[in-house]
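Here's the structure we're looking at; comments come further down.
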Amino acid sequence: MAQNTATVFGKVINDRGRPLELVNIAIMGLPGGTSTNPDGSYEIEIPANEDIIIAYSILSFRIEFDTLNLNPGERFERNMMLTDKAVILNTVEVRDRYDMAGGIIRLDPKKSNLLPTYGGLETLVKLIGLGVSSGNELSSTYSVRGGNFDENLVYANDIEIYRPFLVRSGQQEGLSFLNSDLVSSVSFSSGGFEPKYGDKMSSVLDVQYKRPDSLRGHAQVSLLGANTHIEGMSDNSRFTYLAGLRYKSNQYVLNAMETEGEFKPSFMDFQTYLTWMLSETSEVSVLGYYSSNKYNLVPETRETSYGTINQAYRLTIYFDGLEADQFRTALGGIRYVHRPDTNLQLKYILSAYSSLEDEKYDIQGQYWIGLLENDLGSDEFGGVAQNLGVGTFLDHARNLLDIYVVSAEHKGLYDNGNFFLQWGLKAQHENIRDRIWEWNYIDSSAYSLPHITDSVGYIDPTLQEYQYLNLSNVLISRLTLQSMRYSGFIQNGWEWMWDSTRFNLLGGVRASYWDVNEELLISPRLSCSFYPNWDREFLFRLATGLYQQPPFYRELRDLTGNLHTDVKAQKSLHFVAGMEYDFEAWERPFRLVAEAYYKNLYDLVPYIVDNVRIRYLPDYTSHGYAYGFDLKLNGEFVEDAESWISIGILNTQEDIEGDYYMEYYNAAGEEIISGYTIDQVAVDSTRFEPGYIRRPADQRVNVSIFFQDYLPQNPSYKMHMSLVFGSRLPFGPPGADKYLHVLKMPPYRRVDIGFSKQLVGYQDPKKPIRERKNFKFIRNAWISLEIFNLLQNNNTVSYIWVTDVSNRQYAVPNYLTPRQLNMKLLVQF
C-alpha cells in the first residue's frame, strides 16, 4: 500500500500563530479525509505520482488549497496558515489560478514610490502593463493596444472611477484618484478580461485598499508637493481606518517650460477608507474622496524653435489675458459584505460620484514666425533671417460641466473548490449638465481685425454693409442628459486535471442596457489557462470575448455642441494568446511574459486627440482592427532588486464609413488642384474612398525599461532608472478630414533617473531590522535626488497651428518638460 501512496503531515495555525483544531483536510475529487488535532497537527495519505489538490477548511476561515505530487512512500511536511475570514472579508478575490485564466497580472504598489517620475500608480501601469503606452509624463492617462484614454476601466474597492472630462492638457490634470500609499494590491489586464469587469473595450485596473493591522503612517515632501497618510486598527480588531492627504503643485515644472508667465497650479485631495466588523460574518466599509484641482495661468511670452538643420523656424508669441480652471470631484461609497458560510460571499454597494468642472480663459497672442539663419559662417547664425508672417489669435471659453452619478450594486460569489461562481447586478443613474461657450479667432497679418475696438464686427466702407468676424471652432450650447443604465454579469471558473495537465477555464456573459439609445448588449467572454505536463515552468493562456462600450457623454457631443443620442456602443472582439515562462538565470528568478492579440473593431466613433483632450465625431461611424505582440521580461538582474523590460508592437487602423473625396479634371485631363478658371472648367471627376487610415493611438513600437541597482557593500544607496520609447503618432491640421491626418509626430524618448539613500531602516533585506535608539518610532527614512528627462529630449505632445498672410499653416510643436531636478524626503513610521 505504501508503494502507491505518500504521506503529508504538518500543522495548521491561524494568522496569529495559534494552532487550529478540527480543520477539515480533504483530497479534492476523492472520498475520505482527516481533521487536525487540538495542537493543530495532522497526517493524511495521498495517492503518489499524480497531482493532488488538498483543501484546508474550517468555518470562519478562508479555504486554502495546495497542489502536491509526491513519490511513493515519501513523507512530506506541509504547514498551513489559515486567515480569519473577518480579516479578508473585504478582499476575497478569485484565486490566482483563475486570475491567470482571466489575464490578470499583479502589480506591487510599493514600487511606484521608487519610480523617478511626476506621476504615481498610473506610471507603474505605463511601465509594466502589457501593451500600455503614454506619450505624456504630466498625465495619468494611457492607451492600451490602440485604444484611447476613455476605453480603460478603473475600480477602487468595487467602485468605478471616472477621469476628468474638460481637461485639455497634462498641466491641468493634477492628482489622479489612485493613491499608492493607501493601496494593498493592484491588478491589471490589457485585454481578454473577465465578464465581472464593466463595459469598456481596452483594459481594466482593479485596486484594493489596505486593511491595516497596526498604527502606521508616512510623510513625504518634495519640490513637487507633499503627501501623508495614517492607518490603524482598534484594540478589538473590529474597526480599521486609513486616510491620506496629498498636495501637488506643478509650478516648479511649468516654470521650466517654453511658455513664460505666472503659474499658480494647486492640486489637493483627501481620501479615507473605514471598515467595521459587525460580526464574524459581516462587515461595513466606507470609501470617501474629495479633490480640488486649480489651475491659474497668466501667460506672458513663448519662444519655440523647431524644424530641421536646413530649415529651422522660430515662433515668438506675446500673450495677454489669463486662464482660471477648477476641477472639483467628490466620491462616496458604502459596502456591506456578508458571508453566511465559508463558500458564499454577498456584497451590497452604494456609491455616488460628483464632478464640477469649470474652465475659463481669455488669452490673446500676437505671434511672429521667422526663418532662422542656418549659415554657420554668418554672424546672424541662429537669428531670424526672414520674417514669414505675423498675426494674432484669441482663445475664449466659459465652460461648466456638472456630472452626478449614483449607483446601487449587488455582487456575489460561491466557491466550493471545484468551481468559482460569481454574479452581479447594477443600476446607475446619471445626471449631466453641460454649458459650453467656446471659440477662437485667428488674424494673419492684421487683414481681418475689426475696425471698431468694442465690436465683433465693422462696417465695410466699400460695401456699406456690416461685416462680422469669422470665428473658428465655435461651440456654444446648453446640454442636459439624464439617464438610467443597467448591467449584470454571471461567470464561473473551473479547474480540472487531464493527463497530468492542469486546466483552468473561466467563462461567462455580461449584459447592459442604456435607456438613451435603448440598446441591449450581450457580451460573452471565455478564457482558459493550462500548465503543460512536460514543463510546469510554462503557463499558456487563450482568451476571447466581446467587449462593448456604451457611450457615456463625451462620445455623444459633436464639434458644434450637439448631442447625438442615437450613437450605439462601440464594439471590440478580442482574441488573445499568451504564455508565461518562469526560469532562473544567475541563480535568480525571472519571468518572461508574451502575448499576441487581434481585435476586430466595429461601430466605432472616430475621434481626434489634442494633448489629452479627446473630441469625438459622432456624425460618423467606422470599423477597424488592432493587432500586435507584447513581451515583458522581469527579474533580478541585480540580486534582490527587480527590474523589467517591456516591448510592444502594434498596428491599428480604421475605415470611416461613407467618407470620400473628389478629384476634378479639365478637358485636357489635367487635375484641377484648387479651384478653376473659365479655361479650366471641370469636365470630369473621380470619387475616391480613403479606406483604412491610422487611428490616433497607432504607436507601432513602444519600449519601456525600469532598472534598479545598489552598492553591494552598502545597499542603503540605490539607483532607479526608467527609459521609455514610443514611435511616431499620426496627426493632422485642425478642421481637416481624418484621412488627411498623415503627418507624424517625432518619437517619444525619455530617460529618468533617481538616486536614494536610506537614512533609517533595513540596511539589508536578508537581515532583521536593527535596534534603533534615536529613531525607534521611524521604520524607514529615505532621501532621493531625481533627474527628469536626463537626456534633455524635446518630446512633442501636440501642436499649435499658426497661419501667415498667404494662408499657409505652420504646425509648431508644444514640447513637454525639459531636464529638471527633484529632491524628495520620505519618512515612514
Handout entry: Fraction of accessible area attributable to carbon and sulfur, the range 258-389 (%, probe 1.4 Å)
Key = 53
Handout entry: Surface per residue (accessible, 1.4 Å probe) for the chain, Å²
Key = 45
Handout entry: Label-point separation in nm, S472 to Q251, each point 7 Å along Cα→Cβ
Key = 3.4
Exercise for the section: Please check which bits of the range 269-292 a label hung off A330 would reach, taking the label as a point 7 Å along Cα-to-C-beta and the cut-off as backbone N under 11 Å. Expected result: 289-291
Exercise for the section: Name the residues whose placed amide hydrogens come within less than 5 Å of the amide hydrogen of V516, ignoring near sequence neighbours (fewer than 5 apart) on the same chain. Expected result: M484
Problem - Distance between the range 143-196 and the range 487-532 - C-alpha centres, whole angstrom - result: 22
Exercise for the section: May I ask you to evaluate 6.51 cos²θ - 1.76 cosθ + 1.60, the Karplus curve with θ = phi - 60°, for each residue of the range 497-511 and list the ³J(HN,Hα) values in order in whole Hz, giving x for glycine and proline? Expected result: 10, 8, 6, 6, 10, 8, 10, 10, 10, 10, x, x, 9, 10, 9
Practice task
Report ³J(HN,Hα) in whole Hz for each residue of the range 332-341, in order, from the Karplus equation J = 6.51 cos²θ - 1.76 cosθ + 1.60 where θ = phi - 60°; Gly and Pro get x.
Solution key: x, x, 10, 10, 10, 10, 10, 10, x, 8
Practice task
Report the label-to-label distance for E689 and L743 in nanometres (one decimal), using points 7 Å from each Cα along the Cα→Cβ vector.
Solution key: 2.9
Problem - Computed E for W276/L400 - FRET, C-beta separation, R0 56 angstrom, nearest 0.05 - result: 0.90
Exercise for the section: First select every other residue whose beta carbon is under 14 angstrom from the beta carbon of L372; then total the charges, Lys and Arg +1, Asp and Glu -1. Expected result: -4
Problem - Reachable lysines, given that their alpha-carbon falls under 28 Å from the alpha-carbon of K248 and they are not under 8 places away in the same chain - result: K110, K111, K126, K210, K264, K294, K360, K718, K757, K824
Exercise for the section: For I522 and A352, compute 0.36 nm times the residue count separating them, minus their Cα-Cα distance, and round to one decimal in nm. Expected result: 58.6 nm
Practice task
Report ³J(HN,Hα) in whole Hz for each residue of the range 788-798, in order, from the Karplus equation J = 6.51 cos²θ - 1.76 cosθ + 1.60 where θ = phi - 60°; Gly and Pro get x.
Solution key: 8, 6, 3, 8, 6, 7, 8, 8, 9, 9, 6
Completion exercise
The summed charge of the T7 Cβ neighbourhood (under 11 Å; Lys/Arg +1, Asp/Glu -1) stands at -2
Practice task
Please go through the range 371-430 and write out the chymotrypsin sites (Phe, Trp or Tyr not before Pro) that DSSP classes as loop and that have at most 15 other C-beta atoms within 10 Å.
Solution key: F381
Practice task
Find out how many positive minus negative residues lie around L650, taking Lys and Arg as positive, Asp and Glu as negative, among other residues whose Cβ is under 13 Å from that of L650.
Solution key: +3
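At most 11 other Cβ atoms within 10 Å plus a DSSP loop assignment makes a site exposed; report the longest stretch of the chain without any exposed trypsin sites (Lys or Arg not before Pro).
17-765
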Handout entry: Exposure of E21 as accessible area (Å², to 10), given a probe of 1.4 Å and all protein chains
Key = 90
Exercise for the section: May I ask you to derive the FRET efficiency for Y661 and V298 from their Cβ-Cβ distance with R0 = 51 Å, giving the value to the nearest 0.05? Expected result: 0.75
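The values are calculated or read from the model by the stated rules, or taken from the named source; none is laboratory data. All of these numbers come straight from a predicted model, not from anything done at the bench. Note that each Cβ is placed from the backbone with ideal geometry, even for glycine, and that neighbours are counted across all protein chains shown. Ligands, DNA and RNA are excluded from the accessible area calculation, which covers all protein heavy atoms including side chains. Shrake-Rupley method; radii C 1.70, N 1.55, O 1.52, S 1.80 Å.
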